[in-house]
Amino acid sequence: MRARISFHIKLFMSLIVFFSLLLTLIGIYYYYDLDKQLYAEIGARARVQAREIAMIPSLIDAVKTKDTAAIAALMDKLTQRSDASYIVIGDQLGLHLYHSRYPEQVGKSMIGGDNSEVLAGKTIISVRKGGLGISLRSKAPIIDRQDNVIGIVSIGYLKTHIDNLSAGKLFNILAVALLLLLALFIFSWWFSNTMKKQMFSLEPREIGLLVRQQKALLESIFEGVIAIDKTSRIAEINHAAKSLLSVNVSSRELRGTPLSTVIKPIVFLEERIMLAGDTHDEICLFNDLTVIASRVRIMLEDKLQGWVISFRDLKDIDSLSMQLSQVKRYADSLRILRHEQLNWTAALAGLLHMKRYDEAIRYIEAQSESAQEILDFVSARFCSPTLCGLLLGKYAGAREKGVQLLFDPACNLTRLPPRLRETELMSVIGNILDNAIEATLQREGEHYPIEVYIVGGDREWVIEIADQGAGIAEDSYEQIFKLGVTTKNHGDHGLGLHLVASYVQQAGGAIEVSANQPYGTVFSVFIPVTGHATTAGPITPDEPDYAT
């Protein structure tokens with residue numbers, strides 16, 4: 001199997017190769033540029049020397065008279081002080097009058113073929129092959145007092161000499177390049193290892209996969225989640241958070257913006273509060289939304305990196321609490337039915353034990369007749385078996401507390417409204433009945449029956465429950481449906497009626513509260529029937545109307 005090279009090794013090798021290639025290219029360019037500059041500098045130096053020598057009066061007189069001895073005496077002194085490879089003096093015919101390297105060339109023609117421009121009065125710089133080889137040389141004319149060109153001064157630097165100078169420069173360049181390579185080697189190794197630590201020894205492919213997984217995980221969370229850095233700028237925000245805060249800007253555009261752009265400043269988000277410590281399940285107001293929020297610090301190597309803020313709508317929690325409370329009520333109703341059944345069974349067992357069989361038979365017939373009548377009425381008039389169970393449980397529970405439920409003979413429910421689920425319908429009826437029973441028990445004296453009227457018409461559903469209990473003050477009618485408002489001294493304070501109002505409002509219905517006569521309260525719920533509703537099974541037509 002082919003071995004896979006880790007990312008930090010690849011990074012290290014890539015940096016070394018890249019910097020080596022870069023330094024090589026820079027070195028080549030610098031070498032050729034240096035060589036070019038060197039030729040230009042040496043050419044300029046040769047030009048200056050040639051001009052200065054050509055202007056020496058004693059040399060002009062000696063060249064004019066072709067006094068080679070005087071020329072040699074003068075030029076030998078200058079040659080010793082010059083760094084040129086050679087110095088040559090010629091006459092107007094191009095014949096050597098002096099040669100610093102080869103005195104035997106005196107009287108012979110100058111080699112190179114570049115004397116014509118000089119004899120015309122110009123100073124030139126050229127690269128030619130002469131008697132000593134290829135050289136960079138400058139030639140200047142020797143002009144007498146009558147402005148006549150009488151000779152030539154040639155100052156030359158051999159190419160081998162220039163190459164030696166270039167080689168010395170190149171050696172210095174290579175030495176510096178090697179030192180840079182060593183420094184880059186150390187830097188690349190340090191940089192690649194630092195990157196490895198910061199990436200937790202993960203490969204880029206693994207990091208990309210991890211980021212995508214975390215992104216999907218963040219978006220799958222039902223709660224709103226916002227991650228911020230230590231300067232309170234947004235690092236990440238999920239869709240649930242934007243939905244709860246009614247933010248329509250993309251997550252990418254929100255990154256790096258202050259948290260205050262999506263949540264108005266509150267104490268919960270103040271820096272001194274966040275630095276003080278983490279918090280869980282704190283009720284806050286995010287913009288106009290009441291939420292339950294948590295705040296946790298992000299620490300990396302004991303250093304604060306930022307915070308993660310998670311929150312959810314308080315209404316969701318309240319709704320769950322209310323539904324749980326309703327389930328508990330259903331369980332209490334079943335417990336009451338079980339308790340009543342146990343009492344009935346115990347009474348029957350006692351009669352049988354005493355061998356009073358006739359009384360036992362009459363007791364069974366009486367209990368069965370009463371129970372069967374209410375059972376037959378409820379099961380015949382209401383299509384939902386779950387609702388039937390609820391009503392029978394409420395009936396039994398109320399009777400155990402000394403309160404009677406009277407079902408109107410007109411009660412009839414053959415189908416469920418499409419905009420109200422069965423559990424929501426049970427919550428509406430159950431909560432209103434519980435309040436009616438509670439109000440009846442709160443009133444001192446005789447407990448009058450609670451009247452129940454439930455009808456599902458073609459256009460509208462009507463649920464009306466009237467009690468003759470303690471009653472509700474008229475100025476409190478609109479307040480009792482608000483969360484937390486209650487007239488009870490115990491139980492689920494302010495949850496039941498708020499839940500009823502929420503479900504009725506969602507179904508597009510209305511609730512009316514009015515005073516009963518002579519005392520008590522009437523709750524009337526009206527739910528419009530829109531769309532298609534599923535019809536329940538057939539109703540037994542010969543069942544008698546029942547009111548008890």
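First select every other residue whose beta carbon is under 13 angstrom from the beta carbon of residue 243; then total the charges, Lys and Arg +1, Asp and Glu -1.
On the way: positive: 242, 312; negative: 219, 223, 313, 316.
In short, -2.
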Here FRET efficiency (C-beta to C-beta, residue 146 to residue 109, R₀ 30 Å, nearest 0.05) is 0.75
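Suppose we keep just the DSSP beta bridges with both residues in segment 356-528; what percent of those would be antiparallel, to 5?
On the way: 19 of 24 bridges.
Counting only bridges with both partners in segment 356-528, antiparallel ones make up about 80 percent.
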Under 29 Å Cα to Cα from residue 36, which lysines show up? Leave out anything in the same chain fewer than 8 places away. 122, 129, 139, 159, 169
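Can you tally the net charge around residue 96? Count Lys and Arg as +1, Asp and Glu as -1, for every other residue whose Cβ sits under 10 Å from the Cβ of residue 96.
On the way: positive: 108; negative: 91, 104.
Taking every other residue near residue 96 into account, the sum is -1.
Which ordering of 280, 498, 447 is given by a fewest-first count of other beta-carbon atoms within 10 Å?
Going from sparsest to densest Cβ surroundings: 280, 447, 498.
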Filter on 401/482; 315/394; 10/242; 355/394; 215/482; 77/108 - keep pairs with C-alpha separation over 32 Å: 10/242; 355/394; 215/482
Given a Förster distance of 56 Å, the FRET efficiency implied by the Cβ-Cβ spacing of residue 305 and residue 512, rounded to the nearest 0.05, works out to 0.50
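Could you put 150, 480 in order, starting from the residue whose Cβ has the fewest other Cβ atoms within 10 Å?
150, 480
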Any trypsin sites (Lys or Arg not before Pro) in segment 96-187 that lie in a DSSP loop and have at most 10 other Cβ atoms within 10 Å would be 145
Over the Cα atoms of segment 211-313, each weighted equally, I'd like the Debye log10 I(q)/I(0) at q = 0.10, 0.24 Å⁻¹, rounded to two decimals. -0.24, -1.56
Where does each of 523, 481 land when they are ranked from fewest to most other beta-carbon atoms within 10 angstrom? 481, 523
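Each value in this text was obtained by applying a stated rule to the coordinates, not by laboratory testing. Here the structure is a predicted model, which is why all the values come from computation and not from measurement. Here Cβ is always computed from backbone atoms with ideal geometry, including for glycine, and neighbour counts include all displayed protein chains.
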